[in-house]
Amino acid sequence: MSKNILMVVTNTENMDDQQKTGLWLSEFVEPSTEFQEAGFKVEAASLKGGRIPIDPNSYSNELPEVWDGVMEPIADTRRLSDINPDDFDAIFFSGGHGTMFDFPKNQTIEEVLRHFVSEGKIIGSVCHGPAAFVGVTDHNGQSIVQGVKLTGFTNEEEKSTGLDSLMPFMLEDQLNEEGANFEAGEAGADHVEVDRNFVTGQNPQSSLSTAQALIKELKNR
């Protein structure tokens with residue numbers, strides 16, 4: 001039986017009056033393509049639903065041919081609140097700076113993640129995607145990342161973008177504060193962590209490897 005993966009993306013289009021943001025395109029397209037080629041069904045959702053804003057810095061008119069058609073799921077996403085998490089075997093949070101604004105401490109995301117944690121299902125994310133974990137507690141009131149070895153966009157990488165002053169918090173610092181064992185690899189290098197049911201990638205360069213690691217975990221179940 002084919003397994004289903006729920007991919008959650010941001011709706012946030014602007015950081016402030018000048019700076020546009022959104023989904024970092026490759027962090028959806030590369031995992032989505034890899035998941036589908038592995039025989040899994042992919043569905044995209046967002047908090048508000050509808051068309052997803054794409055960070056202009058992540059977009060190129062010279063997209064690889066293999067990406068043809070995979071943009072379709074983000075042209076009209078379903079609202080996350082309308083999704084039944086029982087229908088999915090894994091969840092994957094794509095990144096982009098937009099996630100730092102609409103993912104953290106969101107009640108809908110918290111409810112969905114609590115389901116995946118309690119059922120022991122696979123939880124994947126890449127780059128800024130782990131912003132979804134911020135403020136999420138399990139049924140015992142403990143942070144879901146307590147004691148979990150994971151990674152995401154590092155302080156060093158954030159500062160190198162020059163956008164750190166626009167961020168509501170630094171992702172690495174916040175995840176550590178909530179009890180995670182954050183592992184920072186070399187800036188800009190492919191780096192993936194797998195611990196318990198969490199599969200996390202550090203940056204856009206880690207998108208493909210994170211997807212492959214998630215597929216491996218899912219196939220072993």
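Once the piece of chain linking Asn57 and Asp16 is laid out straight, how much longer is it, given 0.36 nm per residue of separation minus the C-alpha distance between them?
Values: separation 41, 0.36 × 41 = 14.76 nm, distance 1.57 nm.
Working it through step by step, the gained length comes to 13.2 nm.
Less than 14 Å Cβ to Cβ from Thr161, Lys/Arg counted +1 and Asp/Glu -1: what total charge do the surrounding residues give? Could you put the intermediate results ahead of the total?
Details: positive: Lys20, Lys159; negative: Asp55, Glu156, Glu157, Glu158, Asp164, Glu172.
Residues near Thr161 contribute -4 overall.
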Check: Assigning unit charges at the beta carbon (Lys, Arg +1; Asp, Glu -1) and nothing else, what dipole magnitude in debye, to the nearest 20, does the range 132-183 show about its Cα centre?
Finding: 120
Item checked: Part-to-part distance (alpha-carbon centres) for the range 194-221 and the range 156-181, which is given in Å -> 21
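Nearest 500 deg cm²/dmol is fine: what mean residue ellipticity at 222 nm does the chain get from its DSSP H runs of n ≥ 4 alone, each adding -39,500 (n - 2.57), divided by its residue count? Kindly include the intermediate steps, with their values, before the conclusion.
Details: 6 runs with 55 residues, N = 221.
When only DSSP H runs of four or more count, the value is -7000 deg cm²/dmol.
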Next item on the list: Please compute the net charge surrounding Leu47, taking Lys and Arg as +1 and Asp and Glu as -1 over other residues with Cβ under 14 Å from its Cβ.
Entry: 0
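With contacts defined as alpha carbon pairs under 8 Å and 6 or more residues apart, what's the relative contact order of the range 1-142 in percent? Could you put the intermediate results ahead of the total?
Numbers: 284 pairs, mean separation 42.4, N = 142.
It comes to 30 percent, rounded to a whole number.
What does the charge dipole of the range 1-131 about its Cα centre add up to, to the nearest 20 debye, if the Cβ of each Lys and Arg holds +1 and the Cβ of each Asp and Glu holds -1? Each step should come with its number before you reach the end.
Details: 10 positive and 22 negative charges, 77 e Å.
That gives the range 1-131 a dipole magnitude of about 380 debye.
Based on the mean of other beta carbon atoms within 10 Å per residue, what is the order of 197-205, 82-90, most packed first?
Working: 197-205: 25.4, 82-90: 14.8.
Top to bottom by mean Cβ count within 10 Å: 197-205, 82-90.
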Notebook entry, point to check: Taking the Cα centre of the chain as origin and charging only Cβ (+1 Lys, Arg; -1 Asp, Glu), how large is the dipole, in debye to the nearest 20?
Noted result: 620
Item checked: the range 77-149: radius of gyration over Cα atoms, expressed as a fraction of 2.2 N^0.38 Å -> 1.03
Checklist line | For the chain: lysine pairs under 20 Å (alpha-carbon distance), excluding those fewer than 8 apart on one chain | finding: 14
Item checked: Residue of His139, His128, His115 that the Gaussian network model of the chain assigns the largest fluctuation, springs spanning Cα pairs under 10 Å -> His139
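Rounded to the nearest 5, what % of DSSP beta bridges with both residues in the range 1-133 are antiparallel? Before the final figure, lay out the partial values.
Working: 2 of 18 bridges.
Within the range 1-133, antiparallel bridges account for around 10 percent of the total.
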Next item on the list: Give the long-range amide H neighbours of Gly98: residues separated by 5 or more places, or on another chain, with amide H under 5 Å away, using H modelled in the peptide plane at 1.01 Å from N.
Entry: Gly22
Checklist line | Label selected from [x] 18.4; [y] 17.9; [z] 16.9, the criterion being Kirkwood radius over Cα pairs in Å as computed here | finding: [z]
Note to self: With unit charges on the beta carbons (Lys and Arg positive, Asp and Glu negative) and the dipole taken about the Cα centre of the chain, which residue among Val134, Gly98, Phe88 sits farthest to the positive side?
What the structure shows: Phe88
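Every number here is computed from the coordinates shown, using simple stated rules; none is lab data. Nothing here was measured: the structure is a model prediction, and the numbers come from that model. Cβ atoms come from the backbone with ideal geometry, glycine included; neighbour counts cover every protein chain shown.
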